[in-house]
Amino acid sequence: MLLRLIFNNPKQSKMFKRKKKGQKTKPHPSTSTVALVGNPNVGKSAIFNLLTGSYVVVSNYPGTTVEVSRGICRRIDGVVEIVDTPGVNSLIPQSEDERVARDMLLEGEKKVIQVADAKNLRRALLITTQLAEMGLPMVLDLNMWDESMERGIHVDTEGLERILGIPVVKTVATEKRGMGGLLQAVSLARRPTLKVDYGQEIEEGIGRIEAIIPDGAGKRALALMLLAGDPSLEKRIKGELPKNSLQEIHKIRDALQSRFGDPLSYIIGRRRGAFVDKLVMQVVHLVPKKAESNRILRASFFFALVPLLSFALGYKIMDLILFMVLRQFPLPGPLDLILRLISGTASCVLLSLHLYRKDLRTKRTVSEVLGDVAMHPVAAYPILIVALWLIYKLVGVFGAGVCVDFLEDKFFGQAGQPSGGFDLWVAVPFTSIEYTLTHVNFQGLNYYLGLLANKIVSTQNLAYELFLDSKAGLIQVGLTYALAIVFPIVGFFFLAFGLMEDSGYLPRLAVMLDRLFKKIGLTGKAVLPMVLGLGCGTMAVLTTRILDTKKERLISTLLLALAIPCSAQLGVISFVLGRISGLYFALYIFVIGCQLLLVGFVASKILPGARSDFLLEVPPFRLPKFSNILIKTAYRVKWFLKEAVPLFLLGTLGLFVATKLGVLKYMEMAGRPVVGLLDLPPETTEGFLLGFLRRDYGAVSIFKALESTRGGLGPDPIQLLVSLVVITLFVPCLASFFVIIKERGPIKAMLIMTFIIPYAFLVGGMLNLILRAF
Amino acid sequence: MREPRVEELLEHIWTYEEESSGRADKGMVSQWISADAVEAVLEDMQRQGLIYLYNSLIVLSAEGRKEAEQVVRRHRLAERLLKDVLEVGHDVMDSSACEFEHFLSEEVTTSICTLLGHPVRCPHGKLIPPGECCQRARKMLRPLVLPLSELSSGEVGKIAYIVTRHHLRLDRLSAMGLLPGTVIRLHQRQPALVIQMGETQIALDEDVATDIYVRRLS
């Protein structure tokens, strides 16, 4: 997705400026250019990384690249610039990212490496024919050769070379195989010799248009694009054409169109498809051998893993239900255990039987079976719950709990207060046995900084307070907060997200949620920004560009700003509410979920415009490559820190100045009537103000304020729930607000804000009234 | 067989109701048939019990409606025949279909309908009024050509034609390689339709799938 643009582009961090598209990356001054072109999700980015040694995000999700990225390859003769382009299905663009790729091809002389998925040769050749019409020297690279062999699909590469008139090579980019051959082939790149015959009438039309447009290698391609009716191209070449020739082209097109019942673009597509089908018949040989997993792996999958996992699944789901309810209504004795066992057995029997009936005797691979189950109309939902639960364990418990505790209390610590050091220990999994290895007598980074500072100035000095004040010191609060609390949570979230992306789970989630998303005016495609929004709203707003219509982009931005809490905030909230009771956390999720659906539903009815068609390629389920996930996570975290840390420091500084000048007191007074309406103590105003900077920051501050007003009793659960709901719905953080301005324009951003702020308090007020009534 | 101009008028009244879901009125008739014949034809039709006149409104009688449907059916079937089988251009298709509708006998219509696999929509995307043969076919045997969305999961079909008025949708489908002649397998229907085309799985909306007509293979 768009993430590419964020990572590869240092300029991008200046989020305040609106930039013109197409200026993002400067071409390098080099001898020649090689462009990587191909269908979505065939591995162009993986090959780009191998050729250039740089990194762009690679994932198992179609459309991950939406911008052109450039790099230098020194391994082909001379210095060559490599250009990675967004995946296309046709060179007549239907979306923004396809247009980017096509325009890049039209610019100047270059060589092309067409990357193809060897097992989907037909779809690749549809593009090859169009590239041939462009007349660029090219090489066809059949990537994922291993997967096609596994499936018994043999491509006669020599025959293909003969027919196409270009070098054809085989690679497996993820395993770095075949790269040498590809590098050699690039210098042998030639113009393809194949030519599609579109039938007498259309060929005549092509001839007449070719007579009008200026000379060049890609004349035939241009003529065909004009015949198919491509408004973006017409705008592009308008300047180069003699006067009135555009009208003439229209005339030729309309005359030709009247002789056919279907749109010309469709007829051209059909003829091309028929040509390619014939070609495929000649060069692709199917060997009736299905991919087969290892026998032992298969047996253990069907007879051990499936029953065990499905039992654990049912058990865990009942456990979750009980966790939500049990603290309020305790069950007598062993009843809860019995319930869990029943649920576990039921799910074990159902899922196993389903799989045995369907897949035991077929020779489908384990990953194919898993891929199907992940979007099965019934089984997909428990699997979703497990996925969410695993993410919760990884991000919420390990990241937000263990790591944050350690980093915040032990590693950073407090100035003027020794942390007491920590133990290094080893635990035996699934038991409570722990061995303490040694005690590390490290009192916390901030403690030592405090000692050091104390040598120079006293603790009452303004400079000391500016950095190490326990309420608003830049290091003690701002930096520590960013690195100790947000960094681990976001880091682990991105890790989980990378896993979902590379395994191919995400597009299956899109399939599952399409119906639901339709209700709120979106399509399944919006899963990516929405799920990413649970990690970081800022990044998510950028990825809304993958959506096809303006309306969808606006709705998803609105929902991201309103109702999707980011992982840092969710971590804090689940921690805080989980301490009171699971029921309150469930209630929180319920209220926020309802708002998401309600506002989305209303917005989809009110906003003008149409929803686009849902047409998504579902890539195969794969075992993700861990190294790729780690690299990707590192890139995303780096980007995140670059965005977030300055804002944290800025916010803390603002808070510090406001406290010192006494402005905060006035602001609290001003906010008093508003928070009073929600039955909240005035101290929480500070939290809401901080919420402008970071919502999670605000949540912590509210929690502290509520805790302190009640003395030792702990916060009042209703007050806590209401305030956390409000701060979640309330304004997005500063960073994502800037991105909203940049992506949607200042007017829409302001409209979103003027809706969100009163609405958040309205929902909070109503929730308060309802809860108090019981 | 009725007079051609009566049939012509019945067809116009029927399609007007289909398009605007309102009643035709007398003022419109002059656009459809020559103005000086209006009164005579209307009177004729009233006498034959095909229409009622309420002030200026024209209402089809039960019999008139049935007749009108048959005319429209003949017209739209003719269009399908001309386009799918004879592959003529748009202009020719329109004008010839207008002639076809008047001389096709019941028997010939039925055999054309059966030949085409009881099509549901005309090339313009409008519904073809079903005849007796269509209803019988639906009951007796499963139709050969049906929307992708009506295939059950696991079934294999070959795309027969795509009916859509959205150019964008057509272009996106053909860019994906979903073209007439392509063999696809419906992988699952719920929660969203997923089809298998070669080694590619594609998820799509139900309303896109209703536009794709497939010939059942399995």
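Each reported figure results from applying straightforward, stated rules to the coordinates on display, with no laboratory input. It should be emphasised that the depicted structure is a prediction, and the values quoted were computed from it without experimental measurement. Note: ideal-geometry Cβ built from the backbone for every residue, glycine included; neighbour counts use all protein chains shown.
Which entries in the list A:393/A:632; A:110/A:195; A:551/A:625 go over 27 Å, if you measure between the two C-alpha atoms of each?
Working: A:393/A:632 21 Å; A:110/A:195 20 Å; A:551/A:625 36 Å.
Beyond 27 Å: A:551/A:625.
Overall shape of the range A:542-617 was characterised from the C-alpha gyration tensor. The equivalent ellipsoid obtained from it has semi-axes of 30, 14, 10 Å, in decreasing order. Coupling constants for the range A:397-405 follow from the phi torsions by the Karplus curve (6.51 cos²θ - 1.76 cosθ + 1.60, θ = phi - 60°), and in residue order they are 7, 6, x, 6, x, 4, 5, 5, 4 Hz; glycine and proline get x.
Taking every Cα-Cα distance in the range A:153-242 and sorting them into 10 Å bins from zero, the calculated P(r) comes out as 13, 31, 24, 24, 7, 0 percent.
If neighbour count is taken as other Cβ atoms inside 10 Å, put A:128, B:210, B:200 in order from fewest to most.
Values: A:128 25, B:210 17, B:200 22.
So the residues, fewest neighbours to most, are B:210, B:200, A:128.
Between residue A:232 and residue A:250, the simple label model (points 7 Å from Cα in the Cβ direction) yields a spacing of 2.1 nm. Amide H contacts of residue B:187: B:154, B:194, B:195, B:196, each under 5 Å away and 5 or more positions distant or on a separate chain (H built 1.01 Å from N in the peptide plane; Pro and chain starts excluded). Largest GNM mean-square fluctuation among B:60, B:168, B:193, using chain B with Cα springs under 10 Å: B:168.
Tell me, what is the percent relative contact order of chain A, built from C-alpha pairs under 8 Å that lie six or more residues apart? Provide the component values of the computation, followed by the final result.
Numbers: 1203 pairs, mean separation 78.7, N = 774.
Reported relative contact order: 10 percent.
Against chain A, whose longest principal axis comes from its Cα atoms, helix A:335-359 is set at around 10 degrees.
Roughly what percent of Cα-Cα pairs across the range A:81-127 reach past 11 Å? Please report the intermediate quantities before stating the final value.
Details: 749 of 1081 pairs.
Above the 11 Å cut-off, the range A:81-127 has 69 percent of its Cα pairs.
Against chain A, whose longest principal axis comes from its Cα atoms, helix A:505-519 is set at around 80 degrees. Give me D for the range A:441-528 in µm² s⁻¹, whole number, from Stokes-Einstein with Rh from the Kirkwood sum over alpha-carbon pairs, 10 °C and 1.306 mPa s. It comes out at roughly 95 µm²/s.
Amide hydrogen proximity for residue A:177: with H placed 1.01 Å from N in the peptide plane, the residues at 5 or more positions away or on another chain lying under 5 Å are A:172. Projecting the Cα atoms of A:764, A:533, A:483 onto the dipole axis of chain A, where Lys and Arg carry +1 and Asp and Glu carry -1 at the beta carbon, places A:533 farthest toward the positive end.
Pairwise Cα distances in the range A:95-164 exceed 15 Å in 58 percent of cases. Return the subset of A:243/B:83; A:44/A:748; A:44/A:519; A:471/A:642; A:238/B:83 for which the Cα-Cα distance in this structure is over 27 Å, preserving the input order. Over 27 Å apart, Cα to Cα: A:243/B:83; A:44/A:748; A:44/A:519; A:238/B:83. A Cβ-based charge dipole, computed about the Cα centre of the range B:122-210 with Lys and Arg at +1 and Asp and Glu at -1, lands at about 300 debye. Tell me the angle of helix A:306-326 to the major Cα principal axis of chain A, expressed in degrees between 0 and 90 and rounded to the nearest ten. For helix A:306-326, the angle is close to 40 degrees.
Per residue of B:87-96, other chain Cβ atoms within 10 Å of the residue Cβ number 3 on average. The calculated 222 nm mean residue ellipticity attributable to helices in chain B amounts to -13500 deg cm²/dmol, summing -39500 (n - 2.57) over DSSP H runs of n ≥ 4 and dividing by all residues. Fraction of C-alpha pairs exceeding 39 angstrom in chain A: 46 percent, rounded to a whole number. Computed over the alpha carbons of the range A:415-469, Rg followed by Dmax gives 17.0, 51 Å.
To the nearest whole number, what is the average tally of beta carbon atoms from other chains within 10 Å of the beta carbons of peptide A:374-385?
For peptide A:374-385, the averaged partner shielding equals 2.
Straight Cα distances below 14 angstrom link residue A:665 to the aspartates and glutamates A:683, A:686, with same-chain residues fewer than 8 positions distant left out. Rounded to whole Å, give me the distance from the Cα center of the range A:361-390 to that of the range A:410-483. Using only Cα atoms to place each centre, the spacing works out to 45 Å. As a rough guide to protection, the peptides A:723-734, B:111-122 ranked by mean Cβ packing within 10 Å, highest first, stand as A:723-734, B:111-122. Taking amide H atoms as placed 1.01 Å from N in the peptide plane, the amide H of residue A:68 has no partner under 5 Å among residues 5 or more positions away or on other chains.
Report D for chain B in µm² per second (integer): Stokes-Einstein, Kirkwood Rh on Cα pairs, 10 °C, 1.306 mPa s.
Details: Rh = 19.2 Å.
It comes out at roughly 83 µm²/s.
Per-peptide packing, taken as the mean over residues of other Cβ atoms within 10 Å, places A:592-600, A:519-527 in the sequence A:519-527, A:592-600 from highest down. When you count the other C-beta atoms within 10 angstrom of each residue and take the mean per peptide, A:679-692, A:551-564, A:433-446 line up highest first as A:551-564, A:679-692, A:433-446. Report, as a whole number in µm² per second, the diffusion coefficient that Stokes-Einstein gives for the range B:145-216 at 4 °C and 1.567 mPa s using the Kirkwood radius over alpha carbon pairs. The Stokes-Einstein estimate is 110 µm²/s. Averaging the Cα positions of each part gives two centres, and for the range A:677-704 and the range B:147-218 these lie 52 Å apart. The range B:1-40 and the range A:527-547 have Cα centres spaced 55 Å apart.
Mean per-residue shielding of peptide A:265-277 is 4, counting Cβ atoms of other chains within 10 Å of each Cβ.
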